[in-house]
Amino acid sequence: QIQLVESGGGLVQAGGSLRLSCAASGRTFSFYTMAWFRQAPGKEREFVAVISWSGSTSYADSVKGRFTISRDNAKNTVDLQMNSLKPEDTAIYYCAAGRNGLIRAQGGAMDFWGKGTLVTVSP
């Protein structure tokens, strides 16, 4: 069992940066694939970024080159550095953990989810 708590959301102007953090409980954190998803108002949840237990990463095309996912297995945290933010990045961002590989994780096959943190990007 893993519990996930996101932090770092807020209001930022377009072009600005935010860093989201996800703190995980549980002694087996390092074995999990970790990912960030987001859900904008009126839209379905979508994949943002994923990182494997070994550090391999993958990103949605919409954030590639602007967002960076990283993890610290010693601290049980996974971060999402978001640069060059756009109004269309406005959403609730969710941290998720799962035992599947990167491809299935991108499809949402995750075992544990946080409650989310709101990111609002103003024009």
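When both residues are 6+ apart or on different chains and their Cβ atoms are under 9 Å apart, which pairs have a first residue that lies in region 56-72 and is farther than 18 Å from Ser30 by Cα, and a second that is acidic (Asp, Glu)?
Correct list of pairs: Ala60/Glu46; Ser62/Glu46; Ser62/Glu88; Ser62/Asp89; Val63/Asp89; Arg66/Asp89; Phe67/Asp89; Thr68/Asp79.
Would you check which residues across region 65-82 are of a type in the set (Ser, Thr, Tyr) and either crowded, with 23+ Cβ neighbours inside 10 Å or in a loop (DSSP other than H, G, I, E, B) (or both) and list them? Full working, then the answer.
From region 65-82, those of a type in the set (Ser, Thr, Tyr) are 68, 70, 77; that's our starting set.
Matches in region 65-82: none.
Among the residues of region 109-116, are any charged (D, E, K, R), on the phi < 0 side of the Ramachandran plot and not in a loop (DSSP other than H, G, I, E, B)? If you could, list the steps in order and put the result at the bottom.
Step one: list which residues in region 109-116 are charged (D, E, K, R), which gives 111, 115.
Right, trim to on the phi < 0 side of the Ramachandran plot and you get 111, 115.
Narrowing further to those that are not in a loop (DSSP other than H, G, I, E, B): none.
There is no residue in region 109-116 that is charged (D, E, K, R), on the phi < 0 side of the Ramachandran plot and not in a loop (DSSP other than H, G, I, E, B).
Which of the residues spanning region 89-123 are under 13 Å from Val48 (Cα atoms) and surrounded by 14 or more Cβ atoms within 10 Å (Cβ to Cβ)? Can you show your working first?
Taking region 89-123 as the starting set, the residues that turn out to be under 13 Å from Val48 (Cα atoms) are 89-96, 102-103, 105-108.
The answer is Asp89, Thr90, Ala91, Ile92, Tyr93, Tyr94, Cys95, Ala96, Leu102, Ala105, Gln106, Gly108.
Cβ-Cβ under 8 Å, sequence separation 6+ or interchain: first residue in region 27-44 and at pLDDT 95 or above, partner loosely packed, with under 13 Cβ neighbours inside 10 Å and not polar (S, T, N, Q). Which pairs?
Filtered contacts from region 27-44: Ala40/Glu88.
So which strands (runs of 3 or more DSSP E) stay within region 14-64 end to end and still have 3 or more residues that are surrounded by fewer than 20 Cβ atoms within 10 Å (Cβ to Cβ) and either in contact with a Lys or Arg (Cβ under 7 Å, 6 or more places away or on another chain) or not aromatic (Phe, Trp, Tyr) (or both)? Talk me through it step by step, then tell me what you get.
Values: elements: 18-24, 33-39, 46-51, 57-59.
Passing ranges, in order: 18-24.
The values are calculated or read from the model by the stated rules, or taken from the named source; none is laboratory data. Keep in mind the model is a prediction, meaning the values are calculated, not measured. Positions of Cβ are backbone-derived with ideal geometry, glycine not excepted, and every protein chain shown enters the neighbour counts.
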